[in-house]
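A.B. asks: Sharing a structure here in C-alpha cells format.
The values are calculated or read from the model by the stated rules, or taken from the named source; none is laboratory data. Quick caveat, the model's predicted, so the values are computed rather than measured. When we count neighbours, we look across all protein chains shown, and the Cβ atoms used for this are built from the backbone with ideal geometry, even at glycine.
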C-alpha cells in the first residue's frame, strides 16, 4: 500500500516561506516578489482541473517523456519568453529556463516512477499524485535555484511579473490554449 501525502498548496507555500523568511529578509526580498510566488503557487489546482478537461478528457495519454518531445519547446519556453518580454535582463530569462529544466529533471526522477508505466491521465488518483509531486518538485527546484533568482528579484521586475500573473489571460486563455494545442498532437508523440 502506497501512502500519498497531499499538502494543500497554501500549506506548502507557507512552510516554504517560513523556512526562507530569514534568507528573504536578509536579501531584501521585495514584498512584491513574495506576492509573485504566492500568485504562482496559488493556481496549480485550477491548472490540474483544466488539464483534466483539456487533455485527459480529450483522450490524451501524457507521459513524462512528452515534456522533451513537445511541452518544453512549445509551451514552457514561449511562456518564459512572454513573461520576460518587458524585463530587460537576459540573466533572468536564463535563470527561469534553468529553473524549468531543474523542475523537469526532478519530475522525471521523482514523479515519473509514481506512474508505474501508466499515463498521467489514467485515473484521478494518478493525476492527483502526479500533481502533488509536481508541486513539491517545483518548490525544491526553486530552492536550489534561489541563489541565482534572488539577485534578479528587483521590485520593478516583480511588479511587472505580478501584474501579468494577475491577469486572467494567462490562466484562462494562454494555458488552456497550450493544453488544447498539446491535445491536438498528443496521439502522434
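A.B. asks: Given (1) outside any helix (DSSP H, G or I); (2) in contact with a helix residue (DSSP H, G or I) (Cβ under 6 Å, 6 or more places away or on another chain), where does residue 93 come up short, assuming only one miss?
C.D. replies: Only one criterion is unmet by residue 93, namely (1).
A.B. asks: Residues being part of a helix (DSSP H, G or I), over 23 Å from residue 96 (Cβ atoms) and in contact (Cβ under 8 Å) with a residue 24 or more places away in the chain: count how many of those fall in the range 54-74.
C.D. replies: 3
A.B. asks: How many of the residues making up the range 152-179 are under 19 Å from residue 93 (Cβ atoms), in a helix (DSSP H, G or I) and in contact (Cβ under 8 Å) with a residue 12 or more places away in the chain?
C.D. replies: First pass over the range 152-179, keeping only residues under 19 Å from residue 93 (Cβ atoms): 152-165, 170, 174, 178.
Then drop every residue that is not in a helix (DSSP H, G or I), which leaves 152, 155-165, 170, 174, 178.
Filter again for in contact (Cβ under 8 Å) with a residue 12 or more places away in the chain, leaving 152, 155, 157-162, 164-165, 174, 178.
Selection size over the range 152-179: 12.
A.B. asks: Right, something else. Is it true that residue 120 is modelled with pLDDT under 90 and crowded, with 17+ Cβ neighbours inside 10 Å?
C.D. replies: no
A.B. asks: Please go through the range 141-169 and pick out each residue that is surrounded by 16 or more Cβ atoms within 10 Å (Cβ to Cβ) and closer than 30 Å to residue 61 by Cα.
C.D. replies: 141, 142, 165
A.B. asks: Give all pairs with beta carbons closer than 8 Å in which a residue from the range 120-138 that is under 17 Å from residue 38 (Cα atoms) meets a residue that is outside any helix (DSSP H, G or I); count only pairs at least 6 apart in sequence or on separate chains.
C.D. replies: What qualifies is 132/4; 132/5; 132/6; 132/7; 135/7; 136/7.
A.B. asks: Here is a further query. Which one of these is on the phi < 0 side of the Ramachandran plot, exposed (fewer than 15 other Cβ atoms within 10 Å of the Cβ) and either touching a helix residue (DSSP H, G or I) at 6+ places or on another chain (Cβ under 9 Å) or modelled with pLDDT of 70 or more (or both): 2, 43, 72? Quick ask: steps written out before the conclusion?
C.D. replies: Numbers: 43 fails: exposed (fewer than 15 other Cβ atoms within 10 Å of the Cβ); 72 fails: exposed (fewer than 15 other Cβ atoms within 10 Å of the Cβ).
When all the criteria are applied, what remains is 2.
A.B. asks: Is it the case that the range 49-69 has a residue that's within 25 Å of residue 172 (Cα to Cα) and modelled with pLDDT under 85?
C.D. replies: First, the residues of the range 49-69 that are within 25 Å of residue 172 (Cα to Cα): 49-64, 66-69.
Imposing the further condition that a residue be modelled with pLDDT under 85 reduces the set to none.
Checked the range 49-69: no residue is within 25 Å of residue 172 (Cα to Cα) and modelled with pLDDT under 85.
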